[in-house]
Amino acid sequence: MTSLTALALTCSLKPSPAPSSSDLIAEQVLTELRKHDVAGDKIRLVDFDIRPGVESDMGDGDQWPQIRERILPPTSS
């Protein structure tokens, strides 16, 4: 059986390490999921340079592609 993982994307307006209610909620959800053997992590999107647009990579420093890689399932070889 494949192990489950969760990735919480928080959209707080406050960059790390400032306290954030969105970050707190995400951590609470991940804590509950760990009780069910679900590994998890969170990403505070404000900490990244994410360019506006509809492409998977908007170029020139866009950090969305590295986050997107963590969301997409691994490709089978």
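Please treat every number below as a calculation from the coordinates, not as lab data. Just so you know, these numbers come straight off a predicted model, no measurement behind them. Glycine also receives a Cβ, built like all others from the backbone with ideal geometry; neighbour counts cover every protein chain displayed.
Worth pointing out:
- Amide H within-cut-off set for residue 9, under 5 Å, with H built and near neighbours excluded: 43
- Compactness ratio for segment 1-68: Cα radius of gyration over 2.2 N^0.38 Å (N = residue count) comes to 1.28.
- Trypsin sites (Lys or Arg not before Pro) within the chain, DSSP loop, no more than 11 other Cβ atoms inside 10 Å: 35
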